[in-house]
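Let me begin by presenting the structure, written as structure tokens, before commenting on it.
The values are calculated or read from the model by the stated rules, or taken from the named source; none is laboratory data. All values derive from a computational prediction rather than experimental measurement. Ideal geometry is used to build each Cβ from the backbone, glycine not excepted, and the neighbour counts take in all protein chains shown.
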Amino acid sequence: MPCGSNRSPPPSDRSGQCPAERPSTALPALRAHGPEAGKPIPVRSAERWPPARSLRGHAAGAAAGPHGKALVSVGPLGYAARMTGTPPGEAAEAGRPPDGRSLSELLESLAGEALTGLARLASAQTGVAFAGIAPGDAAPQWTAVAPGWTGFPAWHDVPFRGLLASERSAPVVVPDAAADARFAEHPLVRGPDGLRFYAAVPLAGSGGRVAGWLHLMDRAPRELTARQQAFLRALGEQAAAQLDWRAATRRLADREARLATLFNASPIPLTLLRARDGVWIEVNDAFARLVGRSPRDLAGRPAAELGLWEAGAGEPWRPPADQEEAAWKAETSVTLPGGDRRLFLLMASLVRLQDEPHVLAAWLDVTEQRATETALRASEERNRYINEVVTDYTYAFRVDEDGSMHGEWVSASFHRIFGLTLEEVNARGGWQSMVHPEDLPIALAHARKVVGGEKDVCEMRFVTRSGEPRWLRDYAVPVWDEAQKRVVRIYGASQDITEQKRAEEQIARLNRTYQVLSEINQLMVRERDAGAMLQGACRIAVQRGGFRLAWIGLTGPKDRTFRIAAHAGADAGTLEIIESMFSHEEPDCAFTLRALRTGRHAVCNDIARDPEAAGWRDQALARGYRSMASFPLAIAGRPQGTLNLYADQPGFFDDRELHLLDELAADIGFALEACEAEQRRREAEARVRRLAVFPELNPNPVLEFSADGKLLYQNPAARTLAASLEAESVFELLPPETKALVRECLEQGRPRRGLEVRRGEHTLAWAFYPMVELGAVHVYGIDITERMRLEEQLRQAQKLEAIGRLAGGVAHDFNNILAAILMQAELLDMEEGLSETAREGVRHIIRAAERGANLTRQLLLFSRRQVMQPRILDLNEVVTEIAPMIQRLIGEDIQLELRLHQGTLPVRADHGMLDQVLLNLAVNSRDAMPRGGRLTIETFRRDVSPEEASSLPEAQPGVHVGLRVTDTGVGIPPEMLPRLFDPFFTTKEVGKGTGLGLATVYGIVQQHHGFIRVTSQPGQGATFEVCLPAHTTAEARHDQTHGKAAPLGGQETILLVEDDPAVRMSVAATLQRRGYEVLEADDGVSAQELWRQHRDRIALLLTDLVMPGGLTGQELAQRLLADKPGLKVIYMTGYTPDWAGQEVVWQPGRNFLQKPVSAEQLLETVRRCLDNPDTPPMA
């Protein structure tokens, strides 16, 4: 036992440490077994007490036990010794421990502590690591364990317990278990940490009975000396005495508990009062419930405080003055809590406790007994009235002045049928508590009429103890008082008409079933649709048959899965439960499954009690279902479904009901079979009709030729095709050798397909299929003109894709070449001292390089490979800048007119793409005016309302700016307007148009989140209106002002990364000319090396995006930005395939340059990027 226990510790050594808790150095750690296998068990050394001449000298104190032997006193044991010599009265006051335990509980605890002390002495005297005391029953538990060995295994694991059966009367010693063949192989013995020594001393109690054993164990082998053996025998005697004392203590506690139980469990109210002052000493639970108080509240309080009897009536518990005997009886009227007055017979006895008289009383309620005696006097009169009626049950009620009725008597037959006595009825609240809730208004009206003095007959339902409702026909007569002023009693008789009502209900139910059968049969005659018929049958069963739920399930024709085909009376939750029960091949409902398998009905007449309904009982009862039945639906001679009916009454389905419902299920199965046959017939007829009308409805020509080549049939599509192609007959559209083809197909029995015939601009394809058994050939035709046009468009698109790939392939290198030319020419133009002729030549070079760059850009834009670079533009400036090019494009015979809005029209857009929109629309208008005309380009601002935006799928409400391009050409036919923006759609001749111009315009407008509208009439020209979301004017002005204020030079250090030497040299020279320090690198690797050397000086990274060496410009920027987040970055590129057709997310002109770039644009962008703190270092 640990020293921290609430039991007394063993003696400590001079260090103050409990010897039992000092770590042992002599014994190795044991290993635990069972769930803790493998874990080391801590071992503490046994106490080494000095040897003594007698056991008595080892005890801290001694007391006389039951056998006169010394008891070892450990800690509070001295307290127990005092208790044994103290009279009971004093012990109750002075001996009660502070924790409130009873004497028996205290003695039990002290005996256990004494046994623990004995175990400690045994361990200390012998030097073993473990000493324990266990009782000698069949399943021993350790009673006391010395703390020298914690974590010791359970008794059933100890290998030596078998020795105790054969050596019951003598000590057992095993000096070395490892050397004993009986134990050497046991798991707790093997190994260096195993058990080696064991000894057991019998604990012989009174009469020589062995009450238990003192066990000693250690991991080291040892021999016990004679002195140690003698000591252990003496110790065993002490332990036996303690065990006997414990048994006596337990008997005392049992007796005490039995007496308390008898007193408190008595149904008769019992009290114990002190005679001198009438103070309650003890009351039992029955008396406490009677007066509405707890026994604890009543103990120690005067009886007069309760006010149970009237003042002046005396104290009934006191013995009469002339009482000479120790027991007496007295009757007294007691007022209970709530005002109820009861008559009690007090049976009292005078007892003496602690030399003082006390009164022990039993309180018997005789109120009903006295009332019964009074009622007996009126029995003759009652019997006279009762004999006037013939009935099953008879009764009598007392009527108070307030009109309330109280039951006085009822015949024994009532108790036999309803299972309740009159007292139980009154305890439940009177006769009203037995009335069925639905019939209570009728019953109360019946009672009021009789109390009012009238005879009355009433039919109503009473509910038995088990909950069964029974019908009664009640006959009641009033009895007046002698003065004939009021009714004082009611005598009556009730006839049980339950069976009569059940018969009437069964007849009504059968009539309802007959009606259901009739209506469903009529439905079967009228309705030919199986689903509607089944749904109608379920509806009739619920509405006419009184069922709470009806549903029909059918099995699948192939997989045999069960599905709900129709239902009525089920809400969504109920239907979900049913579907989950039948969602697999084996339904969860045993009754439905049985009906399907056996072909006979399966009935559950009591869902609440039938064990086969356990899986779904709670859900069914919660919905009011009390019984159910499944009836098989036989189709084609085998069950293929079930009709399932649920009723709200148990026992609903009797034999006659089941017989009728079997007929109903058979009729439904027959009707389903007839519906299926009818459905198959209708499907066959429909198939024939479809085949018959197939040629008539076919949009393509269908022909039939006889064996001699005569045309037997042509469908309307053939005649329509001939008329549309201005042919007199379909023969003009067929291959010239049609007759020969017909003969060939019939002779060879093989079809001929893919025979093409050209008719004007149309191409027709024909296929000949022989019908050898009919001696005819069916011919099918189709106009493949559109398909051939689409194939041509596909080829054109593939050509454009090839052109785009070619353009993308050369764009990077070509733009690098142009960049070097353009920048070198500009540097040369900046030189002073050039002659005017040389300067003019240089400027011709600059303009030629710019035209080349513009050509490359247009080529990428045409092939949809241009990077989108939106910025804030003025739409008026865009139109003004492109106008000269448009004039050259449309020719001199077409007049170009500009109508520009007076204010600024800011829009965020890609300048080149807007140019492309204007150019494509201008070319489209030019082609629509072959003899010349007028082309008007107008800019405007408009506000798109939410109503207008809702009518245009691409439009958003808000302020828009726009372009309106109007021509005076031939116009567009109305049927072509819906397809105007379709890719590859064109009205031009083959080879003169790709059909991509307007499609490109539409795509660009969509990319800018705008919309386009077209209005046109043939011969009156066309108007194209492009609307784009307007941008704020303030932001546009800010952009322009910011551009003009940007300086062109500086002294910052710039890291230039460019793989093209010519471009790198030109860019570096341009920047150095304006005062910048430039560090040059030809790839990302060398740029990183320069960065490590000059990191703190570099303010800007100017890098090409596409570079050799496996490191792109964007990846390089990401690495440098990670090292220096404030670094400014500008990207340059001639063409980047990864961004082709995409919008660049960074600010245009701030940190992105499209090659070729002019020196002025380069310097302006660098300066803006360095000066603008808001420029994001995009990477």
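One line per residue, one yes/no per condition, for (1) crowded, with 18+ Cβ neighbours inside 10 Å; (2) touching a strand residue (DSSP E or B) at 6+ places or on another chain (Cβ under 7 Å):
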residue	(1), (2)
1066	yes, no
1073	no, no
1077	no, yes
1085	no, no
1089	no, no
1092	no, no
1097	no, yes
1106	no, yes
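Can we say residue 1116 is at pLDDT 90 or above and surrounded by fewer than 17 Cβ atoms within 10 Å (Cβ to Cβ)? Walk me through it before giving the result.
Working: at pLDDT 90 or above: yes; surrounded by fewer than 17 Cβ atoms within 10 Å (Cβ to Cβ): no.
Criteria not met by residue 1116.
Out of the residues in region 228-263 meeting the condition of being closer than 30 Å to residue 125 by Cα and among the polar types (S, T, N, Q), tell me which one is surrounded by the most Cβ atoms within 10 Å (Cβ to Cβ). Give the steps one after another, and end with the answer.
Residues of region 228-263 that are closer than 30 Å to residue 125 by Cα, as a first pass: 228-249.
Imposing the further condition that a residue be among the polar types (S, T, N, Q) reduces the set to 228-229, 238, 242, 249.
Working: 228: 18, 229: 15, 238: 26, 242: 30, 249: 20.
Filtering first and then ranking leaves 242.
Is there a residue being at positive phi and touching a residue at least 40 places away in the same chain (Cβ under 8 Å) anywhere in region 650-673? So that I can check it myself, show each step before the final result.
Just the residues of region 650-673 that are at positive phi, to begin with: 651.
Those left that are additionally touching a residue at least 40 places away in the same chain (Cβ under 8 Å): 651.
Yes, there is a match, as at least one residue in region 650-673 is at positive phi and touching a residue at least 40 places away in the same chain (Cβ under 8 Å).
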Residue 170 passes all but one of (1) assigned to a loop (DSSP other than H, G, I, E, B); (2) within 20 Å of residue 240 (Cα to Cα); (3) touching a residue at least 60 places away in the same chain (Cβ under 8 Å); which number fails?
(3)
Note on residue 918: of the conditions (1) buried (at least 17 other Cβ atoms within 10 Å of the Cβ); (2) farther than 20 Å from residue 1015 by Cα, unmet is (2)
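Does region 740-751 include one or more residues that are over 30 Å from residue 987 (Cα atoms) and of a type in the set (Lys, Arg)?
Step one: filter region 740-751 for residues over 30 Å from residue 987 (Cα atoms), giving 740-751.
Next, from what is left, pick out any that are of a type in the set (Lys, Arg): 743, 750.
Among the residues of region 740-751, at least one is over 30 Å from residue 987 (Cα atoms) and of a type in the set (Lys, Arg), which makes the answer yes.
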Looking at region 713-722, is at least one residue closer than 24 Å to residue 790 by Cβ and free of Cβ contacts under 8 Å to residues at least 12 places away in the same chain?
yes
Conditions first: (1) of a type outside the set (Gly, Ala, Ser); (2) loosely packed, with under 14 Cβ neighbours inside 10 Å; (3) in contact with a helix residue (DSSP H, G or I) (Cβ under 8 Å, 6 or more places away or on another chain); (4) closer than 23 Å to residue 260 by Cβ. Residue 282 passes all but one, so which condition is the exception?
(2)
Looking only at region 1088-1119, how many residues end up being under 17 Å from residue 1052 (Cβ atoms), without any contact (Cβ under 8 Å) to a residue 40 or more places away in the chain, touching a helix residue (DSSP H, G or I) at 6+ places or on another chain (Cβ under 9 Å) and hydrophobic (A, V, I, L, M, F, W, C)?
1
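Please tell me if residue 608 is assigned by TED's automatic domain parsing to the domain that holds residue 674, touching a residue at least 40 places away in the same chain (Cβ under 8 Å) and surrounded by fewer than 21 Cβ atoms within 10 Å (Cβ to Cβ). Give the steps one after another, and end with the answer.
Values: assigned by TED's automatic domain parsing to the domain that holds residue 674: yes; touching a residue at least 40 places away in the same chain (Cβ under 8 Å): yes; surrounded by fewer than 21 Cβ atoms within 10 Å (Cβ to Cβ): yes.
Against the criterion (assigned by TED's automatic domain parsing to the domain that holds residue 674, touching a residue at least 40 places away in the same chain (Cβ under 8 Å) and surrounded by fewer than 21 Cβ atoms within 10 Å (Cβ to Cβ)), residue 608 qualifies.
If you take just the strands (runs of 3 or more DSSP E) that sit entirely in region 1022-1091, which of them hold at least 1 residues that are modelled with pLDDT of 90 or more and outside the structural domain of residue 1012 (by TED's automatic domain parsing)? Give the steps one after another, and end with the answer.
Working: elements: 1022-1029, 1053-1057, 1077-1081.
Here the list reads 1053-1057, 1077-1081.
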Scan region 744-767 for residues that are more than 18 Å from residue 731 (Cβ to Cβ) and either β-branched (Val, Ile, Thr) or part of a strand (DSSP E or B) (or both) and jot them down.
753, 754
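Regarding region 673-694, can at least one residue be identified that is within 18 Å of residue 782 (Cα to Cα) and either part of a strand (DSSP E or B) or of a type outside the set (Val, Ile, Thr) (or both)? Don't jump to the end; show me each part of the working.
We begin by selecting, within region 673-694, every residue within 18 Å of residue 782 (Cα to Cα); these are 694.
Checking the rest, the ones that are also either part of a strand (DSSP E or B) or of a type outside the set (Val, Ile, Thr) (or both) come to 694.
Taking every residue of region 673-694 in turn, at least one turns out to be within 18 Å of residue 782 (Cα to Cα) and either part of a strand (DSSP E or B) or of a type outside the set (Val, Ile, Thr) (or both).
Does region 556-576 include one or more residues that are aliphatic (A, V, I, L, M) and in a helix (DSSP H, G or I)? Spell out the reasoning first.
Going through region 556-576, the residues aliphatic (A, V, I, L, M) turn out to be 564-566, 568, 570, 572, 575.
Now narrow it down to the ones that are in a helix (DSSP H, G or I): 572, 575.
Yes: region 556-576 contains one or more residues that are aliphatic (A, V, I, L, M) and in a helix (DSSP H, G or I).
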Condition (residue is closer than 16 Å to residue 647 by Cα, aliphatic (A, V, I, L, M) and surrounded by 13 or more Cβ atoms within 10 Å (Cβ to Cβ)) applied to region 587-599: is it met by at least one residue?
no
If we scan region 921-939, do we find a residue that is surrounded by 15 or more Cβ atoms within 10 Å (Cβ to Cβ), touching a residue at least 24 places away in the same chain (Cβ under 8 Å) and within 56 Å of the chain's Cα centre (by Cα)?
no
Could you look through region 611-639, keep only residues that are crowded, with 21+ Cβ neighbours inside 10 Å, in contact (Cβ under 8 Å) with a residue 40 or more places away in the chain and not hydrophobic (A, V, I, L, M, F, W, C), and pick out the one that is nearest to residue 531 (Cα to Cα)?
630
Boolean, residue 718 is closer than 22 Å to residue 771 by Cβ, surrounded by 15 or more Cβ atoms within 10 Å (Cβ to Cβ) and over 60 Å from the mean Cα position of the chain (by Cα)
yes
